[in-house]
Amino acid sequence: MTPRLRSGLLACLALLGLVLSGCAPTLPTDGPVQAAEAEEVVAFNYVYSPSEPSPGASPEEIINGFIQAGAGPQDDYSVARQYLTAEARSEWSPGQQTMIYSTPPNYQPAGEGEYQMELNVDSRVDSTGIMFRTDEFVRETFELEQVDGEWRISSLPEGLGKILDQTMFERAHTAVEQYFFDPQLHYAVPDQRWFVTRPSLLGDIATSILAGPAPWLDQAVVSAFPRGAELGRPTVTEEEQVAYVDLNPAALAGASQSDLLLMQRQMEMALEQVGGIEEVRLTVNQEELELPNPEELPEDQQLNLQAHPQVSNIQVGVLNDQLALQRGTVTEQIAQLPDIAELEPQSPAMSELTGADAFAFLNGDGDALYHVRPGQDEAELVLEGEDLTRPSMDNFGWTWTVSHDDGETVVNTVPFDDPAAGEARQISADLLEDRRVTSLRIAQDGTRAVLVVDDATESTIYIAAVIRDEQGVPRALGQAVPLPSESAVTEVRWSGSTGDELVAWSPYSPGEAQEQGVEELTRDIQRIQLSSGEVQSLYPVLGLLNVSAGEGQTHVSTESESTAYSSLVGSQWQPNYDIEIRDLAYPG
């Protein structure tokens, strides 16, 4: 398949999926899908009916009423517009930025006809439906004037669309995971958006897919649809649980048979999340598009996409200065692996890549990266550098680590699966200038990286696009987007049943404990949801050294000074003193 690679400027965004429940609307229609005019939508069940302005309402009541009415999109927010003057009504665009809060705003007079709103904003959603966590205090000014003896808002804060509390926002909006693809078409990469729950929901989703991925992800993924593709008509109709997406003929220009199937799949993966939609069909000029039989295509053109890939439950660790595997509660030696005890191995890694038998590890000083395979006479030194980060082995045959030589932070990739790929490569990452990286992990889909960056004043978790060429060779890390955390961390891992989660922490340091006059320090472990930005603190661990978590895996284990292995059971850590292996890591 040859979908067209999207390129463009990278920009800041935030984050990503909730599976939709059946409360999302079904759009009733009359007549065949080929009808020339959009069918009338009837009996749409809105979740909220806002109140109109009350006679004699005070300025504070008018501002608050306008904010509450922002949850009612009926007739293009006709009720919310009643709180505005005629001029403000024509200028207001509710689809602009939405601010989301959990604590009610406070209003204060700020002059004649002016009121200031003070608000703690938890999240923002931009005009494309991208949510990002902010956790910031804002002060915005509303101007009001009297119209026929009643107060109305004459001027809104610049760029403001809506202000909603968290509960009302979630009731009035629908979260959808759009999907794009890695350039080799192995994985479907999630890109979550929030849409207003209204009759145009299906069309809004389809239009968003055609507009392309989030700016930060744009250079790492491809879409089945060419840049600039448009719908043939703005609505997506639904009939008997089938969504009909009408495309402009230009969207199909140059598309191969396999491209058409990929288009169908890309729309299906998003639209079938909406309750009541079980099938998606593409049309052009409202005539159904005839798609090829997938089984009749050549094998190399057939779709074999993975969404939310899951690593195996096998972990690699260190036991008696040798690499070993952990399967559940059973520790296994790795047959025919050379003796590496003199290298004092630490920070081992393995890949989920089918057929790959290589392992990676650092030496005891953390300044040399090795690859090792069963049957070798000795481990292979593949990279030297100061203060290397724990290696991460991706599913495209590359081992990643960050070095810090002479104050320069460099992202290094070393091939482990194809000898013809050459030696270690340095890839560009503008974010890292004058900063240190303490952890870097590549997602199973190969298009996203999470890393912890320290700029000497604070540590921040980022998610960044992994830019590769058509052969899957890493070329750069794209612009990075900060993620929320509640305390300083130095390590991060992918986690969660759908890969929508991170686990982050800082290991215990004996030197730090001595400075504080204690034997051991208790460390918090944070669980971060990418889709919502929610941060949950797990039960703290005394003398924490390592956390093992894997993409697609719900099991999380810890290693501490006193206990090699403890599993998270409910909200508590349950030790298993029979397990002696340390420094565990899932594939990735």
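Between Glu512 and Asp321, the simple spin-label model (points 7 angstrom out along Cα→Cβ) gives 2.9 nm. The slack in the chain from Asn304 to Glu118, taken as 0.36 nm per residue of separation less the alpha-carbon distance, amounts to 61.9 nm. For the range 525-538, backbone phi angles converted through the Karplus equation (6.51, -1.76, 1.60; θ = phi - 60°) give residue-by-residue couplings of 10, 9, 10, 10, 8, 5, 6, 10, x, 5, 10, 10, 8, 7 Hz, Gly and Pro being listed as x. Working from label points 7 Å from Cα in the Cα-to-Cβ sense, the Gln184 to Glu290 distance is 3.6 nm. Of the GluC sites (Glu not before Pro) found in the range 223-261, those in coil by DSSP whose Cβ has at most 12 other Cβ atoms within 10 Å are Glu240. The three principal axes of the C-alpha atoms in the range 200-266 carry coordinate ranges of 37, 27, 19 Å, sorted with the longest axis first.
Kindly provide the Kirkwood hydrodynamic radius of the range 489-588 in Å, to one decimal, from all pairs of distinct alpha carbon atoms.
Details: mean 1/r = 0.0721 Å⁻¹.
13.9 Å is the Kirkwood radius here.
Per residue, the solvent-accessible area of the chain (1.4 Å probe, heavy atoms of protein chains only, all protein chains present) comes to 44 Å².
Could you order Asp418, Asp405 by accessible surface area, starting with the largest, using a probe radius of 1.4 Å?
Asp418, Asp405
The listed peptides 203-216, 94-107, ordered by packing as a protection proxy, come out as 203-216, 94-107 (highest mean of other Cβ atoms within 10 Å first). In terms of its alpha-carbon gyration tensor, the range 421-462 comes out oblate; a/c meets the 1.5 threshold, while b/c is at least as large as a/b. Computed log10 I(q)/I(0) for the range 450-547 at 0.10, 0.13, 0.14, 0.16 Å⁻¹: -0.34, -0.54, -0.61, -0.76, from the Debye equation with unit scatterers placed on every C-alpha and solvent omitted.
Across the alpha-carbon atoms of the range 189-311, the computed radius of gyration and Dmax are 14.4, 43 angstrom.
So for the range 309-381, considering every pair of alpha-carbon atoms, how many percent are separated by more than 20 Å? It would help to have the intermediate numbers written out before the result.
On the way: 653 of 2628 pairs.
Roughly 25 percent, rounded to a whole number.
Hey, with R₀ at 45 Å, roughly what FRET efficiency would Thr522 and Arg425 work out to, going by the Cβ-Cβ distance, to 0.05? Provide the component values of the computation, followed by the final result.
Details: r = 40 Å, r/R0 = 0.90.
After rounding, the FRET efficiency stands at 0.65.
Kirkwood Rh, Cα Rg: Rg to Rh for the chain?
Details: Rg = 26.8 Å, Rh = 26.4 Å.
Here the Rg-to-Rh quotient is 1.02.
Based on the Cβ-Cβ distance of Glu386 and Thr554, what FRET efficiency does E = 1/(1 + (r/R0)^6) give at R0 = 41 Å, to the nearest 0.05? Before the final figure, lay out each step's value.
Numbers: r = 36 Å, r/R0 = 0.88.
Here the calculated transfer efficiency is 0.70.
When a 1.4 Å probe is rolled over the protein heavy atoms, the share of accessible surface on the chain that falls to carbon and sulfur comes to 42 percent.
What is the range 276-433 by shape, rounded, prolate or oblate, if you read a ≥ b ≥ c off the alpha carbon gyration tensor as root eigenvalues and call it rounded for a/c under 1.5, prolate for a/b larger than b/c, and oblate otherwise? Verdict is prolate for the range 276-433. Based on DSSP H segments of at least four residues, each scored -39500 (n - 2.57), the chain has a per-residue ellipticity at 222 nm of -3000 deg cm²/dmol. Just to be sure I understand the curve: with the Debye formula and one point per C-alpha of the range 64-216, what is log10 I(q)/I(0) at q = 0.11 Å⁻¹? Debye output, listed in q order: -0.48. Inter-label distance, Gln96 to Glu378: 6.7 nm, where each label sits 7 Å from its Cα along the C-beta direction. Per residue, the convex hull spanned by the Cα atoms of the range 276-338 amounts to 214 cubic angstrom.
If DNA, RNA and ligands are ignored and the probe is 1.4 Å, what is the ranking of Leu271, Leu289 by accessible area, most exposed first?
Working: Leu271 0, Leu289 40 Å².
Final ranking, largest accessible area leading: Leu289, Leu271.
The values are calculated or read from the model by the stated rules, or taken from the named source; none is laboratory data. Note that the structure is a prediction, hence the values are computed from the model and not measured. Quick reminder, even Gly has a Cβ in these numbers, built from the backbone with ideal geometry, and neighbours come from all protein chains shown. These area figures cover heavy atoms from the full protein model, side chains too; ligands, DNA and RNA do not enter into them. Shrake-Rupley method; radii C 1.70, N 1.55, O 1.52, S 1.80 Å.
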